1. Can you find a residue in segment 280-294 that is in a helix (DSSP H, G or I), of a type outside the set (Phe, Trp, Tyr) and either on the phi > 0 side of the Ramachandran plot or at pLDDT 85 or above (or both)?
2. Let me confirm something: among 93, 121, which residue is under 27 Å from residue 270 (Cβ atoms), open to solvent by 30 Å² or more (accessible area, probe 1.4 Å), at pLDDT 80 or above and in contact with a Phe, Trp or Tyr (Cβ under 8 Å, 6 or more places away or on another chain)?
3. Would you say residue 18 is on the phi < 0 side of the Ramachandran plot, in contact with a helix residue (DSSP H, G or I) (Cβ under 6 Å, 6 or more places away or on another chain), at pLDDT 85 or above and open to solvent by 50 Å² or more (accessible area, probe 1.4 Å)?
4. Take residue 77 and tell me if it is more than 29 Å from residue 197 (Cα to Cα) and part of a helix (DSSP H, G or I).
5. Look through segment 124-160, keep the residues that are charged (D, E, K, R) and crowded, with 23+ Cβ neighbours inside 10 Å, and return whichever of them is modelled with the lowest pLDDT.
6. Inspect all residues belonging to segment 402-414 and state whether any of them is at pLDDT 75 or above, within 17 Å of residue 268 (Cα to Cα), assigned to a helix (DSSP H, G or I) and among the hydroxyl-bearing types (Ser, Thr, Tyr).
7. May I ask you to verify whether residue 254 is closer than 22 Å to residue 156 by Cβ, open to solvent by less than 40 Å² (accessible area, probe 1.4 Å) and not polar (S, T, N, Q)?
8. For segment 309-338, give me the residue count where each residue is of a type in the set (Val, Ile, Thr), assigned to a helix (DSSP H, G or I) and open to solvent by 10 Å² or more (accessible area, probe 1.4 Å).
Amino acid sequence: MSANDVDAAASVAPLRNRSFVALMSYRLLTILSYQIVAVAAGWHVYELTGDPWKLGLLGLAEVIPFFCVAPFAGYLVDHLPKRRLGIVACIGLALTPLILIAVALGWVFAAPGEGGAKLWLMYAAIMFTGGVRSFLGPVHNTLFACILPREQFTRASGIGSVVFQSALVLGPAIGGGVIGLVARLGDFPEGATVPAGPAYALGVVCALGAALALAVLRTTEPALSHERQPIFASIGEGLRFVLRTPVMLGAMALDMFAVLFGGAVSLAPAFIKDVLHAGPEALGLLRSAPAVGAVLVGLWLARHPIQRHAGRFLLGAVAGFGACIIGFGLSETLWLSVAFMFLSGAFDGISVVLRSTILQLATPDHMRGRVSSINSIFISSSNELGAFYAGSMARLLGLAHAVVLGGCVTLAVVAFTALKSPTVRRLDLRDLH
């Protein structure tokens, strides 16, 4: 297909496809669920402990099971009915906030001296979420390719980024807003712990709504093969494909290290209380600001998708992200911190759209689940590892120094990638159609 044919086919609006709309609803609601729960759990843990390192442990609790389950999740997505598997994963996603509701309302470990047991039960619930989340991305990516023609992948990825980032805007804002509303209506004395139960309950509703969205989605999935490779051989096939595809490996690695070392947002509860001296509503604002920037960029890219010089845009976007993280670490005023988070999200939005487009265009249909799981290990797990890294470095160096160091390392990663990976630097998405 010529470049003009590709451009003409890509101009068709994916939102006219009802199955695509249902898939985006699933995407939106699953992210809303675990974002609301993440904000509520972070606030809850910091209220109980006052220790930023304990916030980092939340990220570690999620990433360990995610990392362990993800390769097998990809295999199952490639070999089982994808829509049904996604519905089961959504129901599993609802179980974590149900457990956290029991903790928040004092139904378990309510006696004095049981604070440590309560904290460990929260970590166990978050670990369960980590395992369940490993299925959500592969289900989305494989159904994405079933629903849309390849020529619409670039534009649909822009729309998907808007949905993804919109959920990142709404989730933290809703989570922080609900906790703030409970604090005002409950008239709690100063120093009392504000219950996070209502925010957790909203996470349950969103997860079940995502299951309903998949239940009404209609698509023809590829026929399942009755001749299956041994599970570890099949997982190895997906890993070898990624390692032998330089543009995919380079894009994944670049994004992974940027998120790993630039994960300042996980320290937002500590910055809000100890540096910016604000409340839970400001926490929601700060956590949402990156996604607002990413949504605006995603809306632009949905109308004006990047094709030429995609590699240069990718490198520049990650460098801009690192610079914004440095600015955030140096800021001591709320509005300036929000501005830096907004710009970091705008730069990250470019990176997300380009990486997801590369993933969809370069992956063969029969291994989308496995490749998507490997991508999730690179990217999603780096969010939680980044949270643990940020919490640990904050304990050693202090909040501001830890964040500034992470931004500097991100800039160094971009420079190294630009020098050592000409495939990424010269990338043109039209070559992948």
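The values are calculated or read from the model by the stated rules, or taken from the named source; none is laboratory data. Nothing here was measured: the structure is a model prediction, and the numbers come from that model. So basically every Cβ, Gly included, is an ideal-geometry build from the backbone, and we count neighbours across all protein chains shown. Heads up: the accessible areas ignore ligands, DNA and RNA and are worked out on the full protein's heavy atoms, side chains in. Shrake-Rupley method; radii C 1.70, N 1.55, O 1.52, S 1.80 Å.
1. Of segment 280-294, the ones in a helix (DSSP H, G or I) are 280-294.
Within this subset, residues satisfying the condition of being of a type outside the set (Phe, Trp, Tyr) are 280-294.
Pick out the ones that are also either on the phi > 0 side of the Ramachandran plot or at pLDDT 85 or above (or both) and you get 293.
Yes, segment 280-294 has at least one match.
2. Numbers: 93 fails: open to solvent by 30 Å² or more (accessible area, probe 1.4 Å).
Just a single option satisfies the conditions, and that option is 121.
3. Numbers: on the phi < 0 side of the Ramachandran plot: yes; in contact with a helix residue (DSSP H, G or I) (Cβ under 6 Å, 6 or more places away or on another chain): no; at pLDDT 85 or above: yes; open to solvent by 50 Å² or more (accessible area, probe 1.4 Å): yes.
No.
4. Details: more than 29 Å from residue 197 (Cα to Cα): yes; part of a helix (DSSP H, G or I): yes.
It is true that residue 77 is more than 29 Å from residue 197 (Cα to Cα) and part of a helix (DSSP H, G or I).
5. Quick first cut of segment 124-160, residues charged (D, E, K, R) only: 133, 150-151, 155.
Now restrict to residues that are crowded, with 23+ Cβ neighbours inside 10 Å: 133, 155.
Details: 133: 89, 155: 78.
Here the residue is 155.
6. Within segment 402-414, the subset at pLDDT 75 or above is 402-414.
From the residues that got through so far, the ones that are within 17 Å of residue 268 (Cα to Cα) too are 402-407.
Pick out the ones that are also assigned to a helix (DSSP H, G or I) and you get 402-407.
Within this subset, residues satisfying the condition of being among the hydroxyl-bearing types (Ser, Thr, Tyr) are none.
The answer is no, given that none of the residues of segment 402-414 is at pLDDT 75 or above, within 17 Å of residue 268 (Cα to Cα), assigned to a helix (DSSP H, G or I) and among the hydroxyl-bearing types (Ser, Thr, Tyr).
7. Details: closer than 22 Å to residue 156 by Cβ: no; open to solvent by less than 40 Å² (accessible area, probe 1.4 Å): yes; not polar (S, T, N, Q): yes.
In short, no.
8. Here is the first cut: in segment 309-338, the ones of a type in the set (Val, Ile, Thr) are 318, 325-326, 333, 338.
Pick out the ones that are also assigned to a helix (DSSP H, G or I) and you get 318, 325-326, 338.
From what's left, open to solvent by 10 Å² or more (accessible area, probe 1.4 Å): 326, 338.
Residues flagged as of a type in the set (Val, Ile, Thr), assigned to a helix (DSSP H, G or I) and open to solvent by 10 Å² or more (accessible area, probe 1.4 Å) within segment 309-338 amount to 2.
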